[in-house]
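To keep things clear, I will list the structure first and then write my remarks on it.
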Amino acid sequence: MKMAVIGALLVFGLFSSSCILAVKVNKHKPWIETSYHGVITENMDTVLLDPPLVALDKDAPIPYAGEICAFKIHGRDTPFKAVVLNKTSGEGVLKASGPIDCEQQKEFTFIIQAYDCGADDSGTHGWKKSHKAVVHIQVEDVNEFSPFFHEPVYQATVTEGKIYDSIVQVEAWDQDCSAQYSQICNYEIITQNTPFAIDRNGNIRNTEHLSYDKQQYYEIMVSAYDCGQKRAKESVLVQIHIKPMCKPGWQGWSKQVDYEPGTGSKQLFPVMHLETCGGPISLVQVTVQLQTSHIGKGCDRETYSEKSLQKLCGAASGSVDLLPAPSTSTNWTSSLLTDSGRDSDLVFHFDGHQAANVPEMVVPQNLTEQFTIATWMKHGPSPGLRGEKETLLCNSDKTEMNRHHYSLYVHNCRLVFLLRRDFTHSDTFRPAEFHWKLEQICDKEWHYYVINVEFPAVTLFVDGVTYDPYLVTDDWPIHPSQIDVQLTVGACWQGGEVTVPRFTQYFRGSLSGLTIRPGKIETQKVISCLQACKEGLDINSMESLGKGIKFHFNPAQSVLVMESDDLENINTAMAKVSYINSRQFPTPGLRTLHVSTTIQCFGEDSCISIPDIKTAVKVMVPSEPQIIITGTARVTIPAAELRAALGVALFKEIHIISTVTRSDGTFSLGHRPGILEVMHNLDYCDVLVIGEELNPEHESLEIHQSSLLGKHLDATNSTSGISIYGVDSMANYELAIRQVRYRNWQPASLSERRFRLSCSELNGRYTSNNFNLEVRIVHSVETVEHVNQMAVQSQYMRPIHHPLVFHTNSKYMPDTSAVATVMIVMCITALVVIMVLGIYRFHSVYLEGLKEKEDEWKDPEIVWDDTTFTITVNPMETIDSSQNAADIEEECPEKDDEYVEEKDDDELARSLSSADSHDSEDEEEEEEYTKVERGRMKGKLVWDESTLPY
């Protein structure tokens, strides 16, 4: 038993050792090439591979481990299989597993791997596979298809008497997959004795002049051959019609089109069509050009001030206008030649002799790392002055030296920007000069230039298009010094190295809107907005053009190019071409239209010559708006309100309207035929002080910034007044003007102030009437110290507007001081009589008149309780009065009690009637004024004299 166990263990050990040895025998993976290229002829099954399919194994010649048992193909639906030809040598072959058709698929790509036979004949012990190799197979074509024509019949029409390079082009196709057999290499005219020939591209031409009288119609048969010389099974019929000679060109156009402002777009060629005399056209290209170089700065643009335009376009604030309109505060441009006659568009002309020094306070001396310079420029070549610099803008030393800190100049039709940094920024070579070479610089046309500086990068925009400098040169930074600098426009200031400081490098050309914005650069969107044209060409309903026509506009929409291979598409598109001007008040005048046409025939650059046409768009004179400002022309303001923190709003009831007159009379405003109220923008409104300017020590004219929020408005003020500017609606200007407030914290010596309001549209092209406002200041007179308790008014009672006791302005009551004494004496006398009469009357009619008078004595704010009224209460006595009846008796000794008691009722009535009559005469003198003052007392208690029971 023991021996049997030992024997079993021995057998098991030998078996395990043999297995381990077998595993260790198959050490290596098979090896094949990384890629294979093969060719298979369609309808064949064997693939010719390069290199041949061979797998090697380093375990050879060990059986199984060194042998190749299989090749496996990885790929979905791959129509190939790999077969092992010799296991020992590893040779294999690729074969098609099904029919291969080049017309269905020309190429195949898949992955292949080799597998060895493992450790034994079963292959289940340790077989290994090679890496993956890429196999690319091309299918070789067989010329099995004949050419054929898609069209059953080709037709063409030609004009007699002309030799055509191509009348019509026939085209055949071949279904073979290869370039050799699928291409058509030759065409042949089968019909004999015809005056036509055909080339290898299928273009049929006439070999002699055709005559309509001789033959009006030809039929020829054409066949085709592929490059394998296989002929088409069926020939194609070509029909050629001959027509009499005609004159090609545009027909049905007008020499002038009138454009009424504000009517949107207007069709330019509604019935125009192109006559080509039936020529075989392959392409028609039409160019429509709107010439507007004589209008404003190249086209009809908004003529608002540069600041207003920047505000309208959303530009960053802080821009400084270096060429403003000459005025008292901007007098450095007064010596320059200007031209503001073109639609209020301010243009400065430089002829090489003018320049302007910009004051130091206008522009900061040291620019930051970011800033923007923008200008409109019109410049042409200067004959005989080649090599001389022409400076637009220059910042140089004022004295001692001649260093240029930054400048913008033209040199040999190249634009150059110089920027030299200070040593405080860097002490090494830095970019200093940036050069641009552009056709626009010397083409004598207006262009908008913007230079964005993000040092060391500098970008130039011309008419909204970006240009990088073609040359950048470096220079040393400028050494710091205490020398002042001078900013000049139109030349460069040379303050040093010369005997007498002077201008040099004068500019020759025209400039407008030259601005500089320190600290910020302009965005592409704002730049495009600032230079945008408001007139141009347009196409009505572009979606209706269809895909058969291509069109292209230039950025200014002054040039339109359209092309199509169909004449009807061109005629339809030309009927939709229109002119549009989005300005409410455009610049009137003629705009020339130039239409040029190029027609291409088959195989030719051009075959029909179409004469150019010139027409014009006449923009009619817009109806001139009448801007009218209305409101209260005279206001009276208490002086106390002027001393308030907010002051007084001057134009609370201001209204701004604009009207135009229509000559056709089709519009009306109210009962005024031909008058139409229109809404448009304004660009500034000025409130000016008439007479003596404001004294900033004790008065101001201002508007709170919150009143301008949400609007395209800004404001600036001075001792002469306040100016609100920015392109915005009349409604927003109304709201802003109503918030203009006048404040005077020392109005004692002021009796009146006068102001003038005026508004403008289009930078002064249209101005409003001058609305004059007169402000009268009412000063309150100090209360006279009363000597009689009856003359003191109760603080709960509304003061009676009685001419004998009302202290008014000297303007309404001349000689007030002389009359005041008499008025006081008469008042005291009348009040004593009224008091005595009141005691008597209250006793007699108290009960019966209580309910009748109750409504007349009540006030919305103060309720008079008659039930608590007694004869001991003086209704005209103030609460804090310390006077009493005894004091009154002492001051008026002639009015004693005995005299009063002896008076009977008739005498009292006559005395009261006499006093009342005197009061009525005085009231008539100030009737108008009293009505105004009483109107201001709405909601307060008013003592009605007519209801007093004397």
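Some points to look at:
- All positions within the stretch 531-557 that are closer than 30 Å to Pro324 by Cβ and open to solvent by 20 Å² or more (accessible area, probe 1.4 Å): Gln531, Ala532, Cys533, Lys534, Pro555, Ala556
- Being free of Cβ contacts under 8 Å to residues at least 24 places away in the same chain and farther than 30 Å from Cys177 by Cβ is a description that does not apply to Lys255.
- Restricting attention to the stretch 709-733, the residues that are part of a helix (DSSP H, G or I) and small (Gly, Ala, Ser) add up to 1.
- For the stretch 585-614, the candidate set comprises residues that are among the β-branched types (Val, Ile, Thr) and farther than 26 Å from Gly279 by Cα; within that set, the residue that is modelled with the highest pLDDT is Thr592.
- Checking Thr488 against (1) open to solvent by less than 50 Å² (accessible area, probe 1.4 Å); (2) modelled with pLDDT under 90, the condition it does not meet: (2)
- Which listed residue is modelled with pLDDT of 85 or more, on the phi < 0 side of the Ramachandran plot, buried (at least 17 other Cβ atoms within 10 Å of the Cβ) and under 56 Å from the mean Cα position of the chain (by Cα), from Val222, Val168: Val168
- Residue in the stretch 692-708 that is among the charged types (D, E, K, R) and open to solvent by less than 50 Å² (accessible area, probe 1.4 Å) present: yes
- Residue check for Val135: touching a Ser or Thr at 6+ places or on another chain (Cβ under 8 Å) and either aromatic (Phe, Trp, Tyr) or modelled with pLDDT of 90 or more (or both): yes
- Qualifying residue in the stretch 243-264 (condition: among the aromatic types (Phe, Trp, Tyr) and at pLDDT below 90): no
- Selection count, the stretch 727-754, where residues are within 14 Å of Ile657 (Cα to Cα) and either modelled with pLDDT under 90 or aromatic (Phe, Trp, Tyr) (or both): 1
- Of everything listed in (1) surrounded by fewer than 17 Cβ atoms within 10 Å (Cβ to Cβ); (2) of a type outside the set (S, T, N, Q); (3) modelled with pLDDT of 90 or more, the single unmet condition for Val687 is (1).
- In the stretch 42-61, the residue that is surrounded by the fewest Cβ atoms within 10 Å (Cβ to Cβ) out of those that are of a type outside the set (A, V, I, L, M, F, W, C) and outside any loop (DSSP other than H, G, I, E, B) is Asp50.
- Verdict on Asn26 being at positive phi, surrounded by 10 or more Cβ atoms within 10 Å (Cβ to Cβ) and modelled with pLDDT of 50 or more: no
Results for (1) part of a strand (DSSP E or B); (2) without any contact (Cβ under 8 Å) to a residue 12 or more places away in the chain; (3) crowded, with 20+ Cβ neighbours inside 10 Å, shown as yes or no for each residue.
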site: Asn402; (1), (2), (3): no, no, no
site: Ser407; (1), (2), (3): yes, no, yes
site: Val410; (1), (2), (3): yes, no, yes
site: Leu415; (1), (2), (3): yes, no, yes
site: Pro431; (1), (2), (3): yes, no, no
site: Trp436; (1), (2), (3): yes, no, yes
site: Ile441; (1), (2), (3): no, no, yes
site: Ile451; (1), (2), (3): yes, no, yes
site: Val458; (1), (2), (3): yes, no, no
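- Conditions (1) of a type in the set (S, T, N, Q); (2) open to solvent by less than 40 Å² (accessible area, probe 1.4 Å); (3) more than 21 Å from Ser265 (Cα to Cα): number failed by Thr523: (2)
- Considering only residues in the stretch 372-383 that are modelled with pLDDT of 80 or more and out of contact with any Lys or Arg (no Cβ under 6 Å at 6 or more places or on another chain), the one that is surrounded by the fewest Cβ atoms within 10 Å (Cβ to Cβ) turns out to be Pro381.
- Residue within the stretch 654-677 that is open to solvent by 70 Å² or more (accessible area, probe 1.4 Å) and at pLDDT 90 or above present: yes
- Take the conditions (1) buried (at least 18 other Cβ atoms within 10 Å of the Cβ); (2) outside any strand (DSSP E or B); Ser578 misses just one of them, which is (2).
- All conditions in (1) at pLDDT below 90; (2) loosely packed, with under 12 Cβ neighbours inside 10 Å hold for Glu208, with the sole exception of (1).
- Among the candidates Leu94, Leu10, Leu56, Leu48, residue that is modelled with pLDDT of 85 or more and more than 23 Å from Trp127 (Cβ to Cβ): Leu48
- Every residue from the stretch 472-504 that is over 24 Å from Trp376 (Cα atoms), in a strand (DSSP E or B) and hydroxyl-bearing (Ser, Thr, Tyr): Thr473
So that you can scan it fast, the table gives a plain yes or no per residue for (1) modelled with pLDDT under 90; (2) aromatic (Phe, Trp, Tyr); (3) under 19 Å from the mean Cα position of the chain (by Cα):
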{"position": "Arg508", "(1), (2), (3)": "no, no, no"}
{"position": "Gln524", "(1), (2), (3)": "yes, no, yes"}
{"position": "Gly546", "(1), (2), (3)": "yes, no, no"}
{"position": "Asp565", "(1), (2), (3)": "yes, no, no"}
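- The condition of being outside any strand (DSSP E or B) and in contact with a helix residue (DSSP H, G or I) (Cβ under 9 Å, 6 or more places away or on another chain) holds for Val526.
- Filter pass, Ser707 being at pLDDT 90 or above and under 26 Å from Gly318 (Cα atoms): no
- Counted as qualifying within the stretch 276-356 are the strands (runs of 3 or more DSSP E) with 1 or more residues that are under 17 Å from Leu762 (Cα atoms) and open to solvent by 40 Å² or more (accessible area, probe 1.4 Å), namely 337-339.
- So Pro480, is it open to solvent by 20 Å² or more (accessible area, probe 1.4 Å) and modelled with pLDDT of 90 or more: no
The values are calculated or read from the model by the stated rules, or taken from the named source; none is laboratory data. Bear in mind that the values here come from a model prediction, so they are computed numbers and not experimental data. Counting neighbours? That spans all protein chains shown, and the Cβs are built from the backbone with ideal geometry, glycine included. Note: areas computed on protein heavy atoms with side chains; ligands, DNA, RNA excluded. Shrake-Rupley method; radii C 1.70, N 1.55, O 1.52, S 1.80 Å.
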